[in-house]
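Only one structure is covered here, and it is reproduced in the block below.
What follows draws every value from the coordinates through simple rules; no lab data is involved. Values in this document were obtained by computation on a predicted structure and should not be read as measured data. Ideal geometry is used to build each Cβ from the backbone, glycine not excepted, and the neighbour counts take in all protein chains shown.
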Amino acid sequence: MYRLQPQFNKCISAIVFFTLFSHSYQCWPQDFDFGNISAAELETRADADFPNANAVVLYREVHSTLGEYIDVHERIKIFNEEGYENATIVIPYDDVLRLKGATYNLVNGSIVKTELDKDMVFTDEVVKGVEIKKFTFPNISSGSIIELSYRSKNGTFANIDLQYDIPIKRIEVKITNDSDLDTEIIQNPRAFLRVNRQQKGKTLTVSASNIPALEAENYVYDMDMYRSYLSINPTSITGSYRFNDWQTLVGAIMDVSSFNLAFRRKNYYKDELETLIGSEKDVEQQVRLVYNYLKETMSWNGDHGILPKQYTKETFKNKEGSMAEINGLFISMLDKLNIEVNPVLVSTKLNGIPLTASLGAFNTIIAGVVIDGKIRLFDIASEQSNFELLDPLLLNWRGIYINMDEKTFNWVNLTDTDTSVLNVIASMAIDGDLKVSGEVVERNGGYFDINRRNAIKDLPQDEFVNILAYDNPGLELFDVQAAIKDKGTDLEYSFEMENAIDKISDKVYFSPLFFLALRENPFQKEKRNYPIDFRFKFKQQQMIQITLPEGYKVESLPEPTKIVLPDDLGSFVYLISEANGAVRITTTLEIKEPVFSYDKYDIIKEFFKVRMAKEQEQVVLMKY
Amino acid sequence: MVRLFLLLSVCYTTLLTAQNDYSVANIPEDLLDNANAVIRYESMFVEFDAINSMTLKGKKVVTVFNKKGLGAVSHSVGYDESSSVKDIGAIVYDSQGKEIKKYKKRDFTDLSATGSSLYTDNRVMTIDHTIASYPFTFEFFFELDSSSTVLFPAWDPSPIYRVSTQYSVYTLENPRRIPITVRKFNLDEFGVRMEESPARHFYEIRNLKAIDREHLSPDYTEFTPVVKLAPTQFELAGKRGNVTNWRDFGIWQKSTLLSGRDKLPKETIRKVTELVQHIEDPKEKARIIYNYMQEKTRYISVQVGIGGWQPSTASEVDRLGYGDCKGLTNYTQALLKSQGIESLYTIVDAGEDGKDIDEEFVALQGNHVILTVPFEDETVFLECTSQQLPFNFIGTHTDDRNVILITDEGGVLTRTHVYSPDDNIKHLTAELKMDASFGIAGDLQIESGGLVYGERFSLEQQSSDDIKLIYKSIWGHLNDLKLSDINFNNDKREVRFRENMRIETDNYVSKAGSRILVNPNIFKRIEDIPTIETDRTQPFEIRRGSTQRDTIRLQLPENYKLESLFDPIEISNEFGSYKATVVHSEDNQLLYVRELRLNSGRFPKDRYNDYVKFIKTLLRNDRSKIVLVPG
């Protein structure tokens, strides 16, 4: 057995060698000078590595001289009509210089070049004062290659994408830092791309090849979280600060006066606070009162930001602000009540994982309140946050709790949240005409509560029915009532369902979960590239009682079942029994991790498949 | 001048008095019924001062009760190079009618309204207001000067469902007494007060109740008050027009916007001539030319100034290899003309729900352009913006509606191609086998034609991964569906699309103790069931029909035998017909045949619930199962 290994290895290295060789020969022509296009490249009908691609970037070269300019050169191959959209280019800068572009086609065996018509390059003023360049390449057909290059003086510190929605065959990024800023350049840690990095003097070169397209998958918070890119993180402010570590970063942020002042106690809300708190002495109750008050009165304008742009007083008066401003007001008010409270720096999921001590590492602020000796985290701004839970957008690794008085900081874990519970209790009856009807109560806790609460908020009552996403032909839901309580949101409704029961000969058949059953496996893709994000841990329980029609009794029931994910990361339990002319079913689905790595995909897919089949199993009734 | 000044002051007096009380309590009871929002006050004042000058002064005050009512709020105004926003602002009131926020012109955001085009000169000024709580009242006003006068804003006091209107007024001042084309819908029915004179058009309505959307209802102009207005003399992006009938309209379009834009480079004419040189039949020539155009060009929309109305020249499209609908249509027309084939530039309201060009309203209408080619035996319609559509196939985008042809003799109305239920076919055949663990596997073929072809042929363009995902989502009820050997045959000449594949699923049946339930209707699931409507007020319209046939052979597992089948089912009525049969043969094979025909047509409102029942009956019968037992 073991003896075979060396041979096997040899075989592998031969393949690797061959592959590399073939790449360097076929796919990387010696130089990518502008206009150096070969007939062979134009003839290609599909890419060898990405045969499904409608278009590929043959070559992308970016050279950024930080603070000065950025040069971009791209060559794109269009394989078919679906790839035509890649011939339309948007450059998000207004100062595009040295723009060159051309389309190359093979016509009767010879290369025909059509230059980009400068009159057809449009400057679109997206918002007054913000201009972008837009154009499309002429004479595009299946097989065309397009090429463009330009320079811009803007955006030298912007993220540099290493991955597109089409594959990139070869990319080379050079970043030269001649400025007096220190920077740290890191790759998006959530992306898996392997790159070559080389630092020579002041220039960093990053190169990679055969980068697949970023393909959308379900159960992902946002696909852009996984895009490969380089972020350029300044680790100093014009020479005066150097963020060698998190301590100096925190120190620098605290020295910014708008930050420092935002959380200090003020006097102008004294009256409101007194009315609000009254004689309440309990700290948690006080926090809750202030939380609820601000939650009710404040509107979030959608911005995050770690530095407030308006004074706390303005936020208070305008009843509107960024996440940092609204949470800053909350911190300030609690401080006034002598509650131990401090700001917590957080990076939202889209801002990336905070790995480098740089100004962009964090992009928003929430409140850390010490209650019974423990730090509890609060956000007022987002609709997806409540007194117990933070918006899933904020559940990103860890944040920094800044002790403003002591000028110290410590890390706080952001992902440690409770299990959200959903209970569905249904009482159903099958009548003599084999129509099913009944009442359902949904008790939503945790994030289920937040979701339902937001869905019904400001919605007319007769529209409540539309938030119950049971897509089941023949089902009618009515009398939907909602009760929003402190502990959660309850929904109650009645239903009638036709065509849910089969009567064949003298037997009656039905799948006892009716519309509450899983109808489709959400995991249809054969392969998974990215983690499966359920957003939060949850436990979903359905308890159903079905009264049988007069004159029938149970002939057979499905078998009770329990399926478990490895390492007890989740489970599905199906219990069924009969008593006194009624069938009772309880199903419990539990997912104990919010995020599963992509290599668990097959197991999760199978888990849902088995669950779906089980939920379709039939109860058989016979006459007696 | 004096007269105009007086009118303006009267108008503003009305505004001021109306402004007094926007409290929710002040809304008449019956306007709250069924309303997500109430338009408290709406006025549009159009001053048509000269052929090349008009000013619009608009104001709209809306009380919004919930987020479904937000659609009734106006908060932005569009403009382009021929117009400018003189004034714009908004005031927000709380439920008591107390002012809580005021936006001035400088608070508005000025955005590009390019949308999906590559570039347009359209812009929009808009305000982004964060809503603190409901109900609130939003007042919006603007003033816009325009040198383009081709169309006035329409008066449409009940623009969306479940919004009531307390007061709406429209005034067109026309001091130069330029004749106006007016089209009025349902004004008497709703007690609209109106005054029409050569110098002034005035319409006013009070207390218009909210109405509910009814499924499949006809166009809203059939049952709500609407006035459309246009001048007979106008200016459009610097071009003058004088149009009182369709003949004039066509001649104006042709002479002002279209003529002289059909010159092609000699080289292109030579190429096209070469392509068709051995072909006699003009329709065959047209087919080849259409194909040439499709391969050479693609759709890219650029609308700047007059370019929003006038096609780019044929030579420019030839040089760039792209154009918008006007440019590509004009280009195709030029290519056909170079070979002696006459064709007609055709204006249409595109989209699956597109409307007829209203013959009674001679004015700029429609949003798209196609090409009409009359031949001896038939008239062919060409969609020039697609690289894939077959010759003479326009699909649901522009089928079955009135359009205007721009001929040498002016504008002529005609109707585009109608696809009947017999044209729109979908035939599915499958040869399948069920294994011992109740998975099924086998070969499947789907053939489609007519509008069904239009729905499916683009599958061919998808990547193989996406194709699989599309099938998996269509047949989501098939557990763990696996697909292989997928291939397509796209017969553009006959307009037939064939899909062949091999499928394999896990457990297809429902287990019921020792019995097995099998639904032989494996691939069809009716998903959209309309609901019963009481007190329906409008007739209903089914715009397109189809004919479907499924033939499925299913070999059952050896160790199971049939316990029961269902009897043949046959249903037929004005909405369509349905037939399903299942036969069991001696070799333990099922043959299931399902035939469904859905008719198109317009039906009276009292038949609606019968239609719902018909669809529900189909659903029930589609679920018919057979029972197998071990043995």
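Remarks
- Going from the residue with the fewest nearby Cβ atoms within 10 Å to the one with the most, A:311, B:592 rank A:311, B:592.
- Acute angle (nearest 10 degrees) that the helix B:608-622 long axis makes with the longest principal axis of chain B, alpha-carbon atoms: 30
- Exceeding the 32 Å Cα-Cα cut-off - candidates B:68/B:482; A:507/B:433; A:336/B:104: B:68/B:482; A:336/B:104
- Selected from A:229, B:590, B:97, residue furthest toward positive end of dipole (the protein assembly as shown; charges at beta carbon): A:229
- Taking a ≥ b ≥ c as the square roots of the Cα gyration tensor eigenvalues, region A:420-623 comes out oblate, since a/c reaches at least 1.5 and a/b does not exceed b/c.
- Membrane-span-like helices of chain A, defined as complete DSSP H segments with a Cα extent of 15 Å or more along the helix axis and a mean Kyte hydropathy of at least 0.0, are identified as A:4-22, A:323-336.
- Neighbour counts of C-beta atoms inside 10 Å place B:137, B:581, B:531 in the sequence B:531, B:581, B:137, starting with the fewest.
- Positive dipole terminus of region A:169-282, leading residue within A:205, A:193, A:268 (C-beta point charges): A:205
- Note on region A:256-349: with charges restricted to the Cβ of Lys and Arg (+1) and Asp and Glu (-1), its dipole about the Cα centre is near 240 debye.
- The mean sequence distance of close C-alpha pairs (under 8 Å, at least 6 residues apart), as a share of the length of region B:243-415, puts its relative contact order at 28 percent.
- Crossing angle, helix B:325-338 versus chain B [Cα axis fit, 0-90 degrees, rounded to tens]: 70
- The alpha carbon centroids of region A:191-252 and region B:120-162 are separated by 44 Å.
- With a threshold of 21 Å on the Cα-Cα distance, the over-threshold entries among A:539/A:600; B:59/B:239; A:134/B:263; B:426/B:561 are B:59/B:239; A:134/B:263; B:426/B:561.
- Cβ charges +1 (Lys, Arg) and -1 (Asp, Glu), total dipole of region B:243-415, debye: 840
- You can think of it this way: the chain between residue A:462 and residue A:487 has 6.6 nm of extra reach, that is 0.36 nm per residue less the Cα-Cα gap.
- Mean separation of Cα pairs under 8 Å and 6 or more residues apart, divided by the residue count, gives chain B a relative contact order of 10 percent.
- Region A:413-502: trypsin sites (Lys or Arg not before Pro) in DSSP coil with no more than 16 other Cβ atoms inside 10 Å: A:435, A:457, A:485, A:487
- Test item: A:605-615 mean partner chain Cβ contacts at 10 Å: 2
- Applying 1/(1 + (r/R0)^6) with r as the Cβ-Cβ distance of residue A:454 and residue A:71 and R0 = 45 angstrom yields a FRET efficiency of 0.45.
- 5 angstrom amide H check on residue B:508, placed H, neighbours 5+ away: B:439, B:440
- Per the Debye calculation on region A:157-298 with a single equal scatterer at every Cα and no solvent contribution, log₁₀ I(q)/I(0) for q = 0.10, 0.14 Å⁻¹ amounts to -0.64, -0.86.
- Residue B:543/residue B:284 FRET efficiency (R0 45 Å; Cβ-Cβ; nearest 0.05): 0.90
- Treating r as the C-beta distance of residue B:131 and residue B:531 and R0 as 30 Å, the FRET efficiency rounds to 0.45.
- Taking the centroid of alpha carbons for each part, region A:454-483 and region B:345-379 are 41 Å apart.
- Taking Cα centre as origin and charging only the Cβ of basic (Lys, Arg, +1) and acidic (Asp, Glu, -1) residues, the dipole magnitude of the protein assembly as shown rounds to 1700 debye.
- Relative to the dominant Cα principal axis of chain B, helix B:2-18 is inclined by about 60°.
- Label-to-label distance for residue A:311 and residue B:232 is 6.6 nm, based on points extended 7 Å past Cα in the beta-carbon direction.
- Classification of the protein assembly as shown by its C-alpha gyration tensor yields a rounded form. The axis ratio a/c (a ≥ b ≥ c) stays under 1.5.
- When only alpha carbons are used to place a centre, region A:357-432 and region A:273-301 end up 18 Å from one another.
- Which listed pairs, of A:614/B:579; A:609/B:524; A:169/A:527; A:435/B:472; B:102/B:184, have C-alpha distances above 26 Å, in listed order: A:614/B:579; A:435/B:472; B:102/B:184
- For region A:96-198, the gyration tensor built on C-alpha atoms gives an oblate shape. Its axis ratio a/c (a ≥ b ≥ c) is at least 1.5, and a/b is not larger than b/c.
- Sequence of A:612, A:404 once ranked by neighbouring C-beta atoms within 10 Å, starting from the fewest: A:404, A:612
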